[in-house]
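Here is the structure we will look at, set down as structure tokens.
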Amino acid sequence: MRAAGAGPGPVGVEEEQASERGKWGLYAGIVGGVVVLDLVTKLAAQANLPPYQPVPVLGDFFRLTYIYNPGAAFGMSLGGHSRIIFGLLAVLAAVALFFFYRSTPASDRLRLIAVAAVTGGAIGNLIDRIRSPRGVVDFFDFGIDTLRWPVFNVADMAVVCGVGLLLISLWKEEDQPSDERSR
């Protein structure tokens, strides 16, 4: 009698298929969740906030300021072609991240979560670039007086958190002995 999952028999195939379904469910759920939450919050900001006028939430420290960012992170701009260039970069990033997802083992949940968060954020901001020639809707505004962090959105948070988790995942992989990594 062989152990469950010990070979290419029916039990091993079923376990592998279940693992792949779980991997896909985790990835698709996070990507979809980030995209939906990002879109809903952007639509709410557009419907309820006056453009370019800060609305204090916690005094001057945290405000909601509905703006359009025609560039990329931290207001980077490539002039009149920013929308197209950053849109194409987002598509390329989403495709590359999908292949990264495919090569990630189902057991590496941290890396799967990280890749899904970055993908969801890239898609969320891509949707904005497609929706409006004005740019990406940003509305979270933190700072003190004139020392302010660039205004951002849910998609931006997902990208930053995802990259942080990805770095942790890669760092943990580097700390493993090479014989453990090859398993």
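Before moving on, here are some points about what is shown:
- Listed residues G87, G162, G143, most fluctuating in the chain (Gaussian network, C-alpha, under 10 Å): G143
- Measuring nothing but how far apart in sequence close Cα pairs (under 8 Å, 6+ apart) lie, relative to its length, the chain scores a relative contact order of 26 percent.
- GNM top mover of A28, A94, A18 - the chain, alpha-carbon springs below 10 Å: A18
- Ellipticity estimate at 222 nm from DSSP helix runs (n ≥ 4, -39,500 (n - 2.57)) divided over the chain, nearest 500: -21000 deg cm²/dmol
- Shape of the stretch 87-182, Cα gyration tensor, a/c cut at 1.5: oblate
- Between I127, I85, I144, the residue with the greatest mean-square fluctuation in the GNM of the chain (Cα pairs under 10 Å linked by springs) is I144.
- Karplus 3J(HN,Hα) series, Hz, for the stretch 98-114 with 6.51 cos²θ - 1.76 cosθ + 1.60 (x for Gly, Pro): 5, 5, 5, 4, 4, 8, 7, x, 4, 6, 8, 5, 4, 5, 4, 5, 4
- Taking other residues whose beta carbon is less than 14 angstrom from the beta carbon of P70, and scoring Lys, Arg as +1 and Asp, Glu as -1, yields +2.
- For the chain, the dipole from Cβ point charges (+1 on Lys and Arg, -1 on Asp and Glu) about the Cα centre works out to 460 debye, to the nearest 20.
- Cα-based Rg and Dmax for the chain, where Dmax is the largest Cα-Cα distance (Å): 20.3, 71
- Helix axis angle, 10-48 relative to the chain longest principal axis, alpha carbon, degrees: 0
- Taking amide hydrogens as placed 1.01 Å from N in the peptide plane, the amide H of L78 sits under 5 Å from that of no residue at least 5 positions away in sequence or on another chain.
Read-outs throughout are calculated quantities, based only on the coordinates presented, and are distinct from any laboratory measurement. Since we're looking at a predicted model, the values are computed, not measured. No Cβ is skipped: glycine too gets one built from the backbone with ideal geometry, and neighbour counts run over all protein chains shown.
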